[in-house]
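In what follows, a structure is listed as C-alpha cells, so that the remarks can point back to it.
The values are calculated or read from the model by the stated rules, or taken from the named source; none is laboratory data. All figures in this text were calculated on a predicted structure; none of them were measured in a lab. Positions of Cβ are generated from backbone atoms using ideal geometry, with glycine treated the same way; all protein chains shown enter the neighbour counts.
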C-alpha cells in the first residue's frame with residue numbers, strides 16, 4: 001500500500017513540517033556530493049551504531065567516541081538513498097501538517113525529535129551488538145503517525161494498491177491504514193528478533209518504538225490554544241475524494 005494523500009487540510013501553514021523536509025533534503029544533497037568512503041564515515045559518526053555503546057572497546061579501535069550521544073538526533077537527518085528519503089518525507093508531508101496544526105510548530109519540532117530519539121534508543125536496545133550504522137527519519141515519522149492515529153482516526157487516506165498492473169486507488173480510514181502499517185512493522189520486528197536473516201536490514205523496532213512514543217506523547221504536546229477543527233471526511237466516507245471542509249461538528253450534523 002502506498003499513501004497518496006489524506007483528506008484533512010491543515011488550518012494553518014505547516015511551517016515546521018516544511019522546514020524539516022527542507023533540512024532532510026538539504027543534508028541528502030550534501031551526502032550526494034561526498035565520495036563513498038567519506039559518506040560511510042559520516043554514517044558511522046552521525047548514525048546510530050548500537051555496538052558503539054555496547055562494546056566501547058570496539059568503538060575506540062575505530063576511533064568513534066563512546067560518550068557522544070548526538071547520533072540519536074543527527075541520524076534523523078541522514079538517509080541511505082533516494083527511495084529512503086522520498087518515502088520518509090512523503091509520509092511526513094501527508095501526516096505532519098495536521099499533527100503540527102494541533103501542536104504548533106515548536107511543540108511539533110520537539111515532539112518529532114523526541115520520538116526520533118526514543119526510536120533510536122529502542123533500536124539500540126533491540127540490536128545491542130550490531131556494528132551497522134542506522135540512519136533515517138522513519139522513527140520520528142512513525143511518531144507523527146502515532147499522533148495522527150489518535151487525532152484523526154476517522155480521516156481517510158487515499159491509498160494506491162497495485163493490483164498486478166492495475167493501479168487501484170481506495171480511500172481507507174486513517175485508523176485502518178495506520179494500524180495495518182503498524183502491525184506489519186511489528187510482524188517484521190518479531191521476525192528480526194527470531195533471526196536477522198529472515199528480514200531485510202530495516203530498523204523495524206525503531207519504527208515500533210517511535211510509533212508508540214508518538215501515541216504516548218501526543219496529548220502532552222497539544223497546544224491548548226489550538227482548538228480541534230472537524231472535517232467533513234471524518235464523518236462521511238462518501239466524501240473521501242473531496243477537498244476536506246473545515247466545518248464545526250454541529251453544523252455537519254445539521255446538514256445531514
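Each residue in segment 136-161 was checked for being touching a residue at least 40 places away in the same chain (Cβ under 8 Å) and either exposed (fewer than 13 other Cβ atoms within 10 Å of the Cβ) or not in a helix (DSSP H, G or I) (or both), and 11 pass. Of the numbered criteria (1) more than 16 Å from the chain's Cα centre (by Cα); (2) at pLDDT 95 or above, the one residue 195 fails is (2). For beta carbons closer than 7 Å, sequence separation of 6+ or different chains, a first residue in segment 1-14 that is crowded, with 16+ Cβ neighbours inside 10 Å and a second that is modelled with pLDDT of 85 or more and in a loop (DSSP other than H, G, I, E, B), the qualifying pairs are 6/155; 7/155; 8/152; 8/155.
Just checking, does segment 84-98 include any residue being farther than 26 Å from residue 177 by Cα and assigned to a helix (DSSP H, G or I)? Checked against the condition, which is being farther than 26 Å from residue 177 by Cα and assigned to a helix (DSSP H, G or I), segment 84-98 yields no hits at all. With respect to being surrounded by 13 or more Cβ atoms within 10 Å (Cβ to Cβ), under 24 Å from residue 48 (Cα atoms) and without any contact (Cβ under 8 Å) to a residue 60 or more places away in the chain, residue 184 fits the description. Evaluate the following for residue 129: is it modelled with pLDDT under 95, part of a helix (DSSP H, G or I) and more than 13 Å from the chain's Cα centre (by Cα)? So residue 129 does not fit the description; no. In segment 31-39, the condition of being in a helix (DSSP H, G or I), at pLDDT 90 or above, surrounded by 13 or more Cβ atoms within 10 Å (Cβ to Cβ) and over 18 Å from the mean Cα position of the chain (by Cα) is met by at least one residue. The set of residues in segment 100-111 that are more than 12 Å from the chain's Cα centre (by Cα) and either part of a helix (DSSP H, G or I) or buried (at least 24 other Cβ atoms within 10 Å of the Cβ) (or both) comprises 100, 101, 102, 103, 105, 106, 107, 108, 109, 110. Set side by side, the residues 157, 208, 180, 161 differ, and just one is touching a helix residue (DSSP H, G or I) at 6+ places or on another chain (Cβ under 6 Å) and within 18 Å of residue 4 (Cβ to Cβ), which is 157.
What do you reckon, is residue 64 modelled with pLDDT of 90 or more and either surrounded by fewer than 17 Cβ atoms within 10 Å (Cβ to Cβ) or within 23 Å of residue 124 (Cα to Cα) (or both)? So residue 64 fails the test.
Looking at segment 56-83 only, could you name the residues that are under 18 Å from residue 137 (Cα atoms) and in a helix (DSSP H, G or I)? Passing the criteria: 71, 72, 73, 74, 75, 76, 77, 82, 83.
Evaluating residue 22 against the criteria (1) loosely packed, with under 14 Cβ neighbours inside 10 Å; (2) touching a helix residue (DSSP H, G or I) at 6+ places or on another chain (Cβ under 9 Å); (3) closer than 21 Å to residue 87 by Cβ leaves one unmet condition, (2). Of all residues in segment 45-61, those satisfying the criterion of being in contact with a helix residue (DSSP H, G or I) (Cβ under 7 Å, 6 or more places away or on another chain) and touching a residue at least 12 places away in the same chain (Cβ under 8 Å) are 46, 47, 48, 50, 51, 52, 53, 58.
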